[in-house]
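Here is the structure we will look at, set down as structure tokens.
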């Protein structure tokens, strides 16, 4: 059966897309009973346009799986989900024309989740830091570095998609707990698909939110300015962030904007948001719930005590890790540490350290084959043992 309808869930980024895709994967059979075929679990369309330099033949090849799913569909509706399409397609009618050419579907519907601009910016900025990018200090000026110039003009964005696909084919939803039909994202998405929720639907397990607050963000910004850059990405930084996020101070509201920045930013978006509410949701009022009292309080600042505590906790984490590994692995790491200390030690101490190194080298020679190749990871080892150890020494001197 040739599908008569392609539904594209296109984001935005940071609106629960991964959770939605897990939900859709878990409920393929339930969706099929409602006449909807959902594609494979992987991000089917994520690499359709990884670069503006891609040739038409390469793009067409990446859309072939989607075209085949539509051509062989056992239902009249095919659903695909990828948040990257919101940025890949926005402002680019030629790419939308390519979609029509590739998939051959007579009708396309678009589901677009919008998130209140201030919290969206904070979340995207954290993701940039987590990805090891060197970005400017946080503030609304970060928009120019991270996004399309009109990214947070939601009226212009939704109007663009309405012009391309037809207003009747645009389904706008708010990524806002107070606005979710049924009280959560999954019930809301089912409603967007026109499906009546029932007990046969399964929800994926809830993940743990490890968002960084302003204090950890400042710490990581300082760290990424000191770590060596490789191919535009901070490789060591990416590994350090995994450790830091497990030691977070995170308060209930993970805010980065100051109250004044938040208010001014939302005020600049207010007219466009209200227009979206009227034109696409049929409601006369604000598009999103207002900021909470906690969000309108100043973000936490990184104090010396926070920094001192974080460094010590990182050191404790590393020591705990060493205590959990076999002695030969610990011995190998100890040798690397001694080599670094020898390079900077005075002559007398250098001799003593060299004796220690020789002893550990003898032990190491007995068990050469146990030297780790993957754990603990060369970059993380260097980060913790070179940078963090030095910071602990400097911090203790200041405290003294």
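Does residue 165 satisfy being modelled with pLDDT of 95 or more and more than 26 Å from the chain's Cα centre (by Cα)?
Numbers: modelled with pLDDT of 95 or more: yes; more than 26 Å from the chain's Cα centre (by Cα): yes.
Taking the combined requirement at face value, the residue satisfies it.
One residue is enough: does the stretch 21-32 have a residue meeting the conditions under 11 Å from residue 80 (Cβ atoms), outside any loop (DSSP other than H, G, I, E, B) and at pLDDT below 90?
Restricting attention to the stretch 21-32, the residues satisfying the condition of being under 11 Å from residue 80 (Cβ atoms) are 21, 24.
Filter again for outside any loop (DSSP other than H, G, I, E, B), leaving 21, 24.
Subsequent filtering for residues that are at pLDDT below 90 retains none.
No, the stretch 21-32 contains no residue that is under 11 Å from residue 80 (Cβ atoms), outside any loop (DSSP other than H, G, I, E, B) and at pLDDT below 90.
Give the residue that is surrounded by the fewest Cβ atoms within 10 Å (Cβ to Cβ), with candidates limited to residues of the stretch 259-300 that are in contact with a strand residue (DSSP E or B) (Cβ under 7 Å, 6 or more places away or on another chain) and assigned to a loop (DSSP other than H, G, I, E, B). Talk me through it step by step, then tell me what you get.
Pass one, the stretch 259-300, residues in contact with a strand residue (DSSP E or B) (Cβ under 7 Å, 6 or more places away or on another chain): 276, 280-281, 287-288.
Remaining after also requiring assigned to a loop (DSSP other than H, G, I, E, B): 287-288.
Values: 287: 25, 288: 23.
Per the stated criteria, the residue is 288.
For residue 52, indicate whether it is more than 22 Å from residue 198 (Cα to Cα), surrounded by fewer than 17 Cβ atoms within 10 Å (Cβ to Cβ) and either at pLDDT 70 or above or in contact with a strand residue (DSSP E or B) (Cβ under 7 Å, 6 or more places away or on another chain) (or both).
no
How about the stretch 66-99: which of its residues are at pLDDT below 70, in a loop (DSSP other than H, G, I, E, B) and crowded, with 18+ Cβ neighbours inside 10 Å?
Once the filter is applied, which keeps residues that are at pLDDT below 70, in a loop (DSSP other than H, G, I, E, B) and crowded, with 18+ Cβ neighbours inside 10 Å, the stretch 66-99 yields only 73.
The values are calculated or read from the model by the stated rules, or taken from the named source; none is laboratory data. Note that this is a predicted model, so its numbers are computed, not measured. Counting neighbours? That spans all protein chains shown, and the Cβs are built from the backbone with ideal geometry, glycine included.
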